[in-house]
Amino acid sequence: MRIKRAACAALLLCLLLLLGGCARQEQPLPAGMDGTQVIAEAITVAEELCSGKAQQVYDRLRADVAEGLTVDDVAALAPSLGDWVGVTGSHAAGQTDKKTGETYAMATLTCRFEKGKRLIYVGFDTEGTLIGLRVSKAN
């Protein structure tokens, strides 16, 4: 259990560094990206994650991100709050990674489950490939 928690913590740290955090000043989406499409794709990723389809989520990851992770790492991100109810709020904005200068789209989803809600952050590169995923408590 400790190994699983350590792996999950390492995964979250890696993804947080990659995504550059959500507290940065909001930017427009990268050129050519549509907010509605970004949110729709993020909802698909969240639904897959929360319905036990970690392999499908893992397969969506960009190769450089996936190489440091396993399907079990992705599965460990799924909230344990009962059945998925749906998305009650969403937002998409652009972000820039301070280290690499890469711009990407970040979708923030408020997701409801039988026993609570979580925020799910989903990052996509300018090609629309999944580059990050984070789940946190919703206030």
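Structure values in brief
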quantity	calculated
Verdict on VAL135 being modelled with pLDDT of 95 or more, crowded, with 17+ Cβ neighbours inside 10 Å and of a type in the set (A, V, I, L, M)	yes
Any hit, the stretch 23-46, residues being surrounded by 19 or more Cβ atoms within 10 Å (Cβ to Cβ) and modelled with pLDDT under 95	no
Enumeration of residues in the stretch 50-72 that are under 23 Å from GLU114 (Cα atoms), of a type in the set (Gly, Ala, Ser) and buried (at least 16 other Cβ atoms within 10 Å of the Cβ)	ALA54
From the options ALA42, ALA63, residue that is under 15 Å from the mean Cα position of the chain (by Cα), under 15 Å from ILE131 (Cα atoms) and small (Gly, Ala, Ser)	ALA42
Checking GLY128 against (1) in a strand (DSSP E or B); (2) closer than 20 Å to LEU69 by Cα, the condition it does not meet	(1)
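The values are calculated or read from the model by the stated rules, or taken from the named source; none is laboratory data. This is a predicted model, so every value here is computed, not measured. For neighbour counting, all protein chains shown are included, and Cβ atoms are generated from backbone atoms with ideal geometry for every residue, glycine included.
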